[in-house]
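Quick note: the coordinates plus some simple rules give every number you see, no bench work behind them. What you see is a predicted model, and the numbers here were worked out from it, not measured in a lab. For neighbour counting, all protein chains shown are included, and Cβ atoms are generated from backbone atoms with ideal geometry for every residue, glycine included.
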Number of protein chains: 2
Amino acid sequence: MKKHNFSAGPSILPQEVLKQAANAILNFNNLNLSLIEISHRSTDFVAVMDKARALVLELLELENKGYSVLFLQGGASLEFLMTPYNLMKQNGKAAYFDTGAWSGKALKEAKLLGDVNVVASSKDKNYNYIPKVYDIPSDVDYVHCTSNNTIYGTQFKSFPKTDALLVCDMSSDIFSRKLDFSQFDLIYAGAQKNMGPAGTTLVIVKDDILGKTGRQIPAMLDYQVHISKDSMFNTPPVFPIYVSMLTLQWLKDMGGIEAIEKKNIAKAKLLYNEIDNNPLFEGAAAKEDRSNMNVTFLLTNESKKERFDKMWKEAGISGINGHRSVGGYRASIYNAMPIESIQILVDIMHKL
Amino acid sequence: MKKHNFSAGPSILPQEVLKQAANAILNFNNLNLSLIEISHRSTDFVAVMDKARALVLELLELENKGYSVLFLQGGASLEFLMTPYNLMKQNGKAAYFDTGAWSGKALKEAKLLGDVNVVASSKDKNYNYIPKVYDIPSDVDYVHCTSNNTIYGTQFKSFPKTDALLVCDMSSDIFSRKLDFSQFDLIYAGAQKNMGPAGTTLVIVKDDILGKTGRQIPAMLDYQVHISKDSMFNTPPVFPIYVSMLTLQWLKDMGGIEAIEKKNIAKAKLLYNEIDNNPLFEGAAAKEDRSNMNVTFLLTNESKKERFDKMWKEAGISGINGHRSVGGYRASIYNAMPIESIQILVDIMHKL
């Protein structure tokens, strides 16, 4: 039976990407060798890395604007540490938005290296909204925010204006919507939502912000080291990067971010409309901050739970149980999710 | 044409593993979902992680001896930093063997956190041997060595006896030979030689050595954090871990390390015999320290180079150019390399 995969991450990827990836495991570029058994310094893999990096800049409209692209390891979790290592001055200070569990982990690591100023938090309401009133101190080295909060289903619709460097963890909504990406100085994102499989982290960093902290940075945590080696300071995660490249090419071929944003808006609208119009359901996040990637919702009548769970399981839907800290349901509707799958979920909600 | 893949890493993997990996990309465990689009917390993937960790302990005969197994990210390069973070006391000291480029990178990172005592180095002869005379100071927190030096083709045949903790980077020869693995307190290895694709790092660590440095360790660099989360503190590199599990199962099925060691000895012998008996070739490493994984050799008559290169290329051999810092040739003959491929290389050398 066809599955409708609403997993929060690792998550759905385009079917044609999966087919190409499987073929490359058996015979890559007709080399009669597997993608995963050739040297990362071979012409064939260097071309993959170069193409992936170029596609990122092209899709985000950041070409020739002084940004470097890296495909690293360790997920956003390691970026939580690399960010302060690379940007926080000795005895420095940074401003953090606390909009969920991942923001909290990010600021915890930054505290190891300097002062952290939490400029705003939505913890008071279990992170179900994005704070809009805040003051950013003028003396911070950078401002950090999490654009989309996977667990709670909230999303920044606009970003802080600041003279300090602006850093954004875009793990769960990168490549999903048009933004002026040049407002950010550092963007990072684990691949496993909108870009590829788990195992690589995309980093987009403005070159001229680096090398200014006076810190001794361990090699693997130093963006300048990785940039100087074209993202191959050490053996890169070949397969996750290859699949990311294929997914970025898929996105470009369908018209890029402008085209996918239209689809994403239509998909989110379809589901939120049902949530708002069906008395059996309610949204978990504040309406104006709702994420177009992760739709969190609750049953208003728990007695319907058994029937609802049975219905979606029978329809081949998977991955929509809510995170334990919110409860209810979470439908992750990333770029590769077809609207037809959402329609199936909506039909079930309607029939409940 | 069938290829004979002598790449130093990423490198050859068993054909049946590649087939299973390709199938899992399309449909994993008959879930009608790809391995790379399901949650890492799903029952199906947790079973993969658990099995991979159990197979490591079983194959190395380390069950019930107080070791934990982790599959992390960042390669040996990140372990170069994690080792001192986890084991070097505040104002501490560590002893390092300098037996090649990777040892050098390891000790460079350790210097960021404390005193490094280089107890022995083979740099004087371009790392073509393993130092055997050395004194390890009694007050070091740990001793670090690199069991196999991929670039130079040397290999520790026995390991330092010390009362300090013994740490070993086994990236390029783990699972290739019988050793008393319980002599080590911490073993780490990038997967991309003998275990799987690039993108995961195996760490085997004795639990009771941790938590004793008095350091504040960033979460992602803290072995205790990863152990407490069963190697899923953050999203693990799903695909590289799955392929590693398949390769470990392949190794177990063929009789484990004892069986593969016999094959590896026979394979190395075949190639070294040709090098020693053919006046056109000479080995690059000291005989008693020769690696059974990476066989480095040189032409004694450079005028034969063009003909030799043409011959092996025509035979479908790839990946045997030597590293630029040694020159000549390097045949990497990891576990998955069949002796038939080595015979083809030997035949060409013989006919030259």
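Computed from point charges on the beta carbon alone (+1 for Lys and Arg, -1 for Asp and Glu), the dipole magnitude for chain A about its Cα centre is near 760 Debye.
Placing unit charges on the Cβ atoms only, positive for Lys and Arg and negative for Asp and Glu, gives the protein assembly as shown a dipole magnitude near 600 debye about its Cα centre. Packing order of peptides B:181-189, A:233-241, highest average first: A:233-241, B:181-189 (average count of other Cβ atoms within 10 Å over each peptide's residues). Quick one: Cα centre-to-centre distance for the stretch A:120-143 and the stretch A:39-57, in angstrom? About 38 Å separates the Cα centre of the stretch A:120-143 from the one of the stretch A:39-57. Calculate how many DSSP beta bridges within the protein assembly as shown are antiparallel, expressed in % of all such bridges and rounded to the nearest 5. Looking only at bridges with both residues in the protein assembly as shown, the antiparallel portion is about 55 percent. Here the dipole of the stretch A:139-284 is about 320 debye; that uses its Cα centre as origin and unit charges on the Cβ of Lys and Arg (positive) and Asp and Glu (negative). Only one residue of B:HIS40, B:THR247, A:ALA94 has its Cα farthest out toward the positive end of the dipole of the protein assembly as shown, where Lys and Arg carry +1 and Asp and Glu -1 on Cβ, and that residue is B:THR247. What does the charge count near B:GLU109 come to, summing +1 for each Lys or Arg and -1 for each Asp or Glu among other residues with Cβ under 14 Å from its Cβ? Overall, the nearby charge balance is -2. Estimated from the Cβ-Cβ distance and a Förster radius of 41 angstrom, the FRET efficiency linking A:LYS123 and A:LYS351 is about 0.65.
Near A:THR201: Cβ cut-off under 12 Å, other residues only, Lys/Arg at +1 and Asp/Glu at -1. The net charge is -1. If you take the Cα centroid of the stretch A:302-352 and the Cα centroid of the stretch B:204-275, the two points sit 39 Å apart.
In terms of overall dimensions, the protein assembly as shown has a Cα radius of gyration and Dmax of 26.1, 87 angstrom. Of all DSSP beta bridges confined to the stretch A:158-282, the antiparallel ones make up roughly 60%. Taking other C-beta atoms within 10 Å as the exposure proxy, B:PHE297, A:PHE156 rank A:PHE156, B:PHE297 from fewest upward. Of all DSSP bridge pairs formed entirely within chain B, close to 55 percent run antiparallel.
Indicate the gyration tensor shape class of chain A (rounded, prolate or oblate), computed on the Cα atoms with a ≥ b ≥ c the square roots of the eigenvalues: a/c under 1.5 is rounded; otherwise a/b larger than b/c is prolate and the rest oblate. Oblate is the answer for chain A, as a/c is 1.5 or above yet b/c matches or exceeds a/b. Residue ranges A:116-124, A:84-92 sort as A:84-92, A:116-124 when ordered by packing (mean number of other C-beta atoms within 10 Å per residue, highest first).
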